[in-house]
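To start, the structure under review is shown below, and the notes come after it.
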Amino acid sequence: MKKHLISKPVGKDRMIYDAEADAVHILNPTAQLVLELHEKGLDEAAIAGELRARFTLGPGQDALEDVRACLGDLRARGILHG
């Protein structure tokens, strides 16, 4: 997560305030977990494995695809570098 962001829990979710963009982002618990694991240095495949271990995935749901989409969204919002 970029250093200029302020992060606070809001119920089960997490609010992230970007002071530079004057924008607020709300992450659900799954997005929070993806962000946390990414910040710990896990790669996409390892994060997907953690999601499979912690959650029941629906038929046809691809954890790796979901992780890639989530990380892409976090980057697009300016929460993650790159």
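Listed values, structure above:
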| quantity | calculated |
| --- | --- |
| Among (1) at pLDDT 95 or above; (2) of a type in the set (D, E, K, R); (3) surrounded by 10 or more Cβ atoms within 10 Å (Cβ to Cβ); (4) in contact with a helix residue (DSSP H, G or I) (Cβ under 9 Å, 6 or more places away or on another chain), the one test that ASP43 misses | (4) |
| Residues located in the stretch 9-30, provided they are of a type in the set (Gly, Ala, Ser), at negative phi and assigned to a loop (DSSP other than H, G, I, E, B) | ALA19, ALA21 |
| Single unsatisfied condition, LEU80 versus (1) in contact with a Leu (Cβ under 6 Å, 6 or more places away or on another chain); (2) assigned to a loop (DSSP other than H, G, I, E, B); (3) over 22 Å from HIS4 (Cα atoms) | (3) |
| From the options ARG68, ARG52, residue that is modelled with pLDDT under 95, assigned to a helix (DSSP H, G or I) and of a type outside the set (S, T, N, Q) | ARG52 |
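The values are calculated or read from the model by the stated rules, or taken from the named source; none is laboratory data. None of these values were measured; they are calculated from a predicted model. Cβ: placed from backbone, ideal geometry, glycine included. Neighbour counts: every protein chain shown.
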